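Input: a single structure, listed below in structure tokens.
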Amino acid sequence: MYEVQIIEKREEITKGNIADISVYNWGGAYQPVSKAILCFLKNEGFLLKIWSEEFRPRATFTGKNEGVCRDSCLEFFANFALQKEHSGYINFEANANGALLCCYGENRYDRRTIEEMGLVHPTAVPFKEANCWGYELLIPLSLLQGVYGDVSFEEGTLIRGNFYKCGDDTEIPHYGSFTKIIWEDPDFHRPEFFEDMILVD
């Protein structure tokens, strides 16, 4: 169970719980240290900070909804409305340029971009340091209500999700996750392996 800290201001994201993206389900020698924090910012939405200790991240994509998983990529997938029947999950995937892919659906194949759904594409704010890169992302309540309908979040609300680190076309392809994924080939679109995430005050 991952605890999603409820906060009042963006600066309080440092109070959030750090998740280690350290399970490399499909092996490989290259396993960069990667971490994430997810908080719920009152009256605004979910605030994600996710980062990886990589010196030279591959970052070729610059536009919306491009194949950023082929670059050095950090991702968050989550179902924000477990109480609704046939609810799907949203995937947020971005590279070191802040180029973000954002789609919704119940599985890997039946997905639409947030823009195709008539909603505002969220903005990933990238940061780079000497030996680290990452981004912050606000997932607005308006986006979640646009996707799922009438949803609200308070202490005790449960969502399910997973954090990921990958790079399909990097010098050394790699696939890390927060939870263990039991699947033959690399595949992050496995909501059955998402982790329970509970909002705490």
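Key figures
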read-out: Cut-off 12 Å between beta-carbons: net charge of the residues surrounding residue 35, Lys and Arg +1, Asp and Glu -1; value: 0
read-out: For the chain, alpha-carbon Rg over 2.2 N^0.38 Å; value: 0.95
read-out: Net charge over other residues, Cβ less than 15 angstrom from the Cβ of residue 195 (K, R count +1; D, E count -1); value: -1
read-out: Longest DSSP-loop-exposure-free segment, chymotrypsin sites (Phe, Trp or Tyr not before Pro), the chain, at most 12 other Cβ within 10 Å; value: 110-201
read-out: Cα gyration tensor, the stretch 95-201 - rounded (a/c under 1.5), prolate or oblate; value: rounded
read-out: Helix-only mean residue ellipticity at 222 nm for the chain, each DSSP H run of n ≥ 4 adding -39500 (n - 2.57), per residue, nearest 500; value: -1000 deg cm²/dmol
read-out: Cα centroid separation, the stretch 47-92 to the stretch 167-198 (Å); value: 12 Å
read-out: The stretch 2-200 - charge dipole about Cα centre, Lys and Arg +1 at Cβ, Asp and Glu -1, debye rounded to 20; value: 300 debye
read-out: Shape category assigned to the stretch 22-71 from the gyration tensor of Cα positions, a/c cut at 1.5; value: oblate
read-out: In the stretch 72-110, GluC sites (Glu not before Pro) in a DSSP loop with at most 11 other beta-carbon atoms within 10 Å; value: 85
read-out: Low-density loop cleavage sites - trypsin sites (Lys or Arg not before Pro) in the stretch 101-201, where at most 15 other Cβ are within 10 Å (DSSP); value: 108, 180
read-out: Residue exposure sequence - 117, 1, 197 - by fewest surrounding Cβ within 10 Å; value: 1, 117, 197
read-out: Spacing of the two label points (7 Å from each Cα toward its C-beta) at residue 158 and residue 60, in nm; value: 4.2 nm
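None of the figures in this text is laboratory data; all of them are computed from the coordinates on show. Not measured: the values here are computed from a predicted model. Every residue, glycine among them, receives a Cβ derived from its backbone with ideal geometry; neighbour counts consider all protein chains shown.
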